[in-house]
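Colleague: Sharing a structure below in structure tokens format, with a few things to ask.
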Protein chains: 2
Amino acid sequence: MKKMKKRSDCPISCSLDIWGDKWSLLIIRDLMFSKKCRYTDLLKSAEGIATNILATRLQALEENKIIEKSDDPESKSKGYYKLTQKGIDLLPILIEIHLWSEKYFPIPEDIKTILIEVKKDKAGFINKAIEELAND
Amino acid sequence: MKKMKKRSDCPISCSLDIWGDKWSLLIIRDLMFSKKCRYTDLLKSAEGIATNILATRLQALEENKIIEKSDDPESKSKGYYKLTQKGIDLLPILIEIHLWSEKYFPIPEDIKTILIEVKKDKAGFINKAIEELAND
DNA sequence: CATCTTACTTGCATTTTGCAAGTAATATAT
DNA sequence: ATATATTACTTGCAAAATGCAAGTAAGATG
């Protein structure tokens, strides 16, 4: 897998070099909120990612230590992906994207309900969620 | 300009459909933090965007009401771009990307200094910055 | 032991990106 | 007044990334 060359020292630019494409944050979203962790689960997500794109994105995210692949102890044919701490720490970014979206687009009701909780105590929500994610 | 088709109702996905590429957030960063507002200023940014890519991204951001183009009253050959409220409201996302970057990469000292202020009172910093941006 | 599932890989067409050069409408200098 | 420069792009083309369909290999299931 060819690495994206670092374009500058800007923190936004460095971040985008890693996950600044149309698919990476959706994969991270699935691992974070849906607990989808197997390759086939990720393939089934609403947006319909192509299998070769999924494979290359997973590899890039793994190389950048955002996710890690583990073997399923029950079955040798199954593996699963999970977020590293570096990946879990993207949660505040995903939350802010949700809040921005809510302001400017119609969004699903179930997500709206969760965002009401977020807005009551953003820092508290994030800390709790990060802790839960770290305990998996 | 061909529109990115909406892939799903997910707020993350809808957001990425608009600004989820390697360049859009860098343009928004420049308009937000450097007050670079002319076409040639944006072209000169550290990452070296190609002129045709800049033109298509600006058009897409304008169509999506993230930025708007105005004429310079002093000069007919000069125009400038500025963020709309919708664009200004991306600030919390950019701030969280900065904070994530700071945790995982070496980042420039001047930005670190600003992030110290951000961490003292995140909500306060964001409110003040949004207000200032809206008054331009 | 045959079929199914999982996790991919490969090949190829289409789309997007990147680079270089070109252009048209002002603006500035001589 | 004319020549040069600047601004804000557009165009053409090569290279890279994406998307789609089909294939594959190892392990699980009936």
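Colleague: Which of the residues that make up the range B:14-41 are open to solvent by less than 30 Å² (accessible area, probe 1.4 Å) and assigned to a loop (DSSP other than H, G, I, E, B)?
Modeller: B:20, B:21 - these are the residues of the range B:14-41 that are open to solvent by less than 30 Å² (accessible area, probe 1.4 Å) and assigned to a loop (DSSP other than H, G, I, E, B).
Colleague: Among the candidates B:86, B:76, B:5, single out the residue that is within 27 Å of residue A:45 (Cβ to Cβ), within 11 Å of DNA strand C (Cβ to nearest atom) and surrounded by fewer than 21 Cβ atoms within 10 Å (Cβ to Cβ).
Modeller: B:5
Colleague: Would you be able to tell me the number of residues in the range B:54-64 that are closer than 16 Å to residue B:29 by Cβ and away from DNA strand C (no atom under 11 Å from the Cβ)?
Modeller: 2
Colleague: Restricting to the range A:46-101, what's the tally of residues that are within 16 Å of DNA strand D (Cβ to nearest atom) and among the basic types (Lys, Arg)?
Modeller: Total meeting the criteria: 4.
So that you can scan it fast, the table gives a plain yes or no per residue for (1) within 11 Å of the chain's Cα centre (by Cα); (2) at the interface with chain B (Cβ under 7 Å from one of its Cβ atoms); (3) more than 9 Å from DNA strand C (Cβ to nearest atom); (4) of a type in the set (Val, Ile, Thr):
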site	(1), (2), (3), (4)
A:11	no, yes, yes, no
A:19	yes, no, yes, no
A:23	yes, no, yes, no
A:26	yes, yes, yes, no
A:29	yes, yes, yes, no
A:41	no, no, no, no
A:46	no, yes, yes, no
A:52	no, no, no, no
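Colleague: Here's something else I'd like to know. Would you be able to say whether some residue in the range A:70-80 is on the phi > 0 side of the Ramachandran plot and outside any strand (DSSP E or B)?
Modeller: No; the residues of the range A:70-80 include none that is on the phi > 0 side of the Ramachandran plot and outside any strand (DSSP E or B).
Colleague: Then there is this: Go through the residues of the range A:102-112 one by one and say whether even a single one is open to solvent by 20 Å² or more (accessible area, probe 1.4 Å), within 16 Å of DNA strand D (Cβ to nearest atom) and closer than 16 Å to residue A:35 by Cβ.
Modeller: Within the range A:102-112, none of the residues are open to solvent by 20 Å² or more (accessible area, probe 1.4 Å), within 16 Å of DNA strand D (Cβ to nearest atom) and closer than 16 Å to residue A:35 by Cβ.
Colleague: Kindly indicate whether any position in the range B:116-133 is touching a Phe, Trp or Tyr at 6+ places or on another chain (Cβ under 8 Å) and open to solvent by 70 Å² or more (accessible area, probe 1.4 Å).
Modeller: Yes, the conditions are met somewhere in the range B:116-133.
Colleague: Only one of these conditions is not met by residue A:47: (1) under 26 Å from residue B:94 (Cβ atoms); (2) modelled with pLDDT under 95; (3) not in a loop (DSSP other than H, G, I, E, B). Which number is it?
Modeller: That leaves (3) as the condition not met.
Colleague: I need every pair where a residue in the range B:95-114 that is facing another protein chain (nearest Cβ under 7 Å) has its Cβ under 6 Å from the Cβ of a residue that is in a helix (DSSP H, G or I) and among the small types (Gly, Ala, Ser), sequence separation at least 6 or different chains.
Modeller: B:97/A:15; B:101/A:15; B:107/B:101
Colleague: OK, next. Residue check, residue B:61 against (1) open to solvent by less than 60 Å² (accessible area, probe 1.4 Å); (2) part of a helix (DSSP H, G or I); (3) free of Cβ contacts under 8 Å to residues at least 40 places away in the same chain, all met but one. Which one?
Modeller: Exception for residue B:61: condition (3).
Colleague: Given the structure, is residue B:50 loosely packed, with under 12 Cβ neighbours inside 10 Å and closer than 20 Å to residue A:98 by Cβ?
Modeller: Taking the combined requirement at face value, the residue does not satisfy it.
The values are calculated or read from the model by the stated rules, or taken from the named source; none is laboratory data. Note that the coordinates shown come from a computational prediction; the quantities given were computed from them, not determined experimentally. Heads up, the Cβs are rebuilt from the backbone with ideal geometry, glycines too, and the neighbour counts pull from every protein chain shown. We work out accessible area using only protein heavy atoms, side chains counted, and drop any ligands, DNA or RNA first. Shrake-Rupley method; radii C 1.70, N 1.55, O 1.52, S 1.80 Å.
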